[in-house]
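Throughout, read-outs are computed from the coordinates displayed, never taken from laboratory work. Quick caveat: nothing in here was measured; it's all calculated off a predicted structure. Cβ placement follows ideal geometry from the backbone for every residue including glycine, while neighbour counts extend to all protein chains displayed.
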Amino acid sequence: MKFDDLASKVVFVTGGARGIGFTIAKAMARQGCSVGLLDLLPTVIDAAELIHSEVGVKAAGCIVDVTDDVAVQAAFDELSERIGVPQLLITAAGITVWNDSVNVPAAEWRRVLDVNLNGTFFAAQCFCRLLQRAGVPGTAVFVASMSGSIVNVPQNQASYNASKAAVSHLGKSLAVEWAPNGIRVNSISPGYILSDMTRQFTDNNVELAAAWTARIPLGRMGTPDDLCGLVLFLSSDASSYITGQDIVIDGGYTVV
């Protein structure tokens, strides 16, 4: 499906070097968006060059730690000068750690919340500042998780679950606060998606992956491409009356 209103816009994507972030960024590029990628991985530069060479749109990458608010602001300013002020934001930067909560080190707990929650907020905050400075409206889509509304089993990942629940509610909070500025904020909550991060676990835990899949009514784990249609819709004017929502994309996992 083509959303013509996206063609002239600029999108920034955190966690854009690979996986879900890169896949969504490429889908946005195919709609005609100029793309700014932000990631801690140095390969974010190559990822932007790949999008430019394959799709033909303007694309630029910036290496940044999303937990560093000053660095995030500098990265947003730099990308804005290079490819334009973003009217779209996708926050896909995230990490997960499996550990029993009674034993988890404080630094590990803080790191998960720092990347997933604070990283999302700092990106959104910088996005809003740029929009206010330019006097234009915008739309943000946060990547939360079904883990924000259920407790996954059998793995123990309280820090991830808590952080993603917070991301979802952050989206609702900002949607209300920033509505007068013409900024819509929604989140998507993927289920088990075979992203680069998930494959690290499934490749080494075949039986666990099979157990997850057995509980999915559609009979398979999702792929990053399965998320793109909804993200494009939420980013476009086709969803102009939708804000403050969290939409689950999980193959039916959370309804059984």
Query raised in the report: Does at least one position in segment 156-163 carry a residue that is aliphatic (A, V, I, L, M) and more than 22 Å from ASP100 (Cβ to Cβ)?
Result: no
Query raised in the report: Here are some conditions: (1) more than 20 Å from ALA93 (Cα to Cα); (2) surrounded by 15 or more Cβ atoms within 10 Å (Cβ to Cβ). GLY135 meets all but one. Which one does it not meet?
Result: (2)
Query raised in the report: Can you name the condition, by its number, that ALA166 falls short on among (1) part of a helix (DSSP H, G or I); (2) closer than 26 Å to LEU6 by Cβ; (3) in contact (Cβ under 8 Å) with a residue 12 or more places away in the chain?
Result: (2)
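Go through the residues of segment 196-215 one by one and say whether even a single one is in a helix (DSSP H, G or I) and within 30 Å of PRO137 (Cα to Cα). Outline the logic, then answer.
Our first condition is that a residue be in a helix (DSSP H, G or I); within segment 196-215, this holds for 196-202, 206-214.
Filter again for within 30 Å of PRO137 (Cα to Cα), leaving none.
For segment 196-215, residues in a helix (DSSP H, G or I) and within 30 Å of PRO137 (Cα to Cα): absent.
Rundown of residues vs (1) crowded, with 22+ Cβ neighbours inside 10 Å; (2) of a type in the set (Lys, Arg); (3) within 13 Å of the chain's Cα centre (by Cα), yes/no style:
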| site | (1), (2), (3) |
| --- | --- |
| VAL167 | yes, no, yes |
| GLU177 | no, no, no |
| SER189 | yes, no, yes |
| ARG199 | no, yes, no |
| PRO217 | no, no, no |
| THR223 | no, no, no |
| LEU232 | yes, no, yes |
| SER236 | no, no, no |
| ILE249 | no, no, no |
Requested in this report: Output the residues belonging to segment 37-62 that are over 20 Å from VAL143 (Cβ atoms), within 20 Å of the chain's Cα centre (by Cα) and of a type in the set (A, V, I, L, M, F, W, C).
Outcome: ILE45, LEU50, ALA60
Report task. Taking the options LEU230, LEU218, name whichever one is closer than 26 Å to LEU88 by Cα and either in a helix (DSSP H, G or I) or not small (Gly, Ala, Ser) (or both). Result -> LEU230
Report task. Output the number of residues of segment 116-144 satisfying the condition of being at positive phi and either touching an Asp or Glu at 6+ places or on another chain (Cβ under 9 Å) or assigned to a helix (DSSP H, G or I) (or both). Result -> 0
Query - Subset tally (residues that are in a helix (DSSP H, G or I) and among the small types (Gly, Ala, Ser)) for segment 145-156 - result: 2
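Please work out which residue is farthest from LEU89 (Cα to Cα), limiting yourself to segment 238-247 and to residues that are out of contact with any Phe, Trp or Tyr (no Cβ under 8 Å at 6 or more places or on another chain), among the hydroxyl-bearing types (Ser, Thr, Tyr) and surrounded by fewer than 19 Cβ atoms within 10 Å (Cβ to Cβ). Reasoning before the result, please.
The first filter runs over segment 238-247 and keeps only residues out of contact with any Phe, Trp or Tyr (no Cβ under 8 Å at 6 or more places or on another chain), leaving 240-247.
This time we only want the ones that are among the hydroxyl-bearing types (Ser, Thr, Tyr), so: 240-241, 243.
Still in the list and also surrounded by fewer than 19 Cβ atoms within 10 Å (Cβ to Cβ): 240-241.
Working: SER240: 15, TYR241: 17 Å.
So, considering only residues that are out of contact with any Phe, Trp or Tyr (no Cβ under 8 Å at 6 or more places or on another chain), among the hydroxyl-bearing types (Ser, Thr, Tyr) and surrounded by fewer than 19 Cβ atoms within 10 Å (Cβ to Cβ), the one farthest from LEU89 (Cα to Cα) is TYR241.
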**Report entry** Residue check, ALA144 of a type in the set (A, V, I, L, M, F, W, C), farther than 27 Å from TRP212 by Cβ, in contact with a strand residue (DSSP E or B) (Cβ under 9 Å, 6 or more places away or on another chain) and crowded, with 16+ Cβ neighbours inside 10 Å
**Finding:** no
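State the number of residues belonging to segment 104-114 that are in contact with a helix residue (DSSP H, G or I) (Cβ under 8 Å, 6 or more places away or on another chain) and in a helix (DSSP H, G or I). Reasoning before the result, please.
Of the residues in segment 104-114, the ones in contact with a helix residue (DSSP H, G or I) (Cβ under 8 Å, 6 or more places away or on another chain) are 104, 108-109, 112-113.
Filter once more, so that each one left must be in a helix (DSSP H, G or I): 108-109, 112-113.
Here the count works out to 4.
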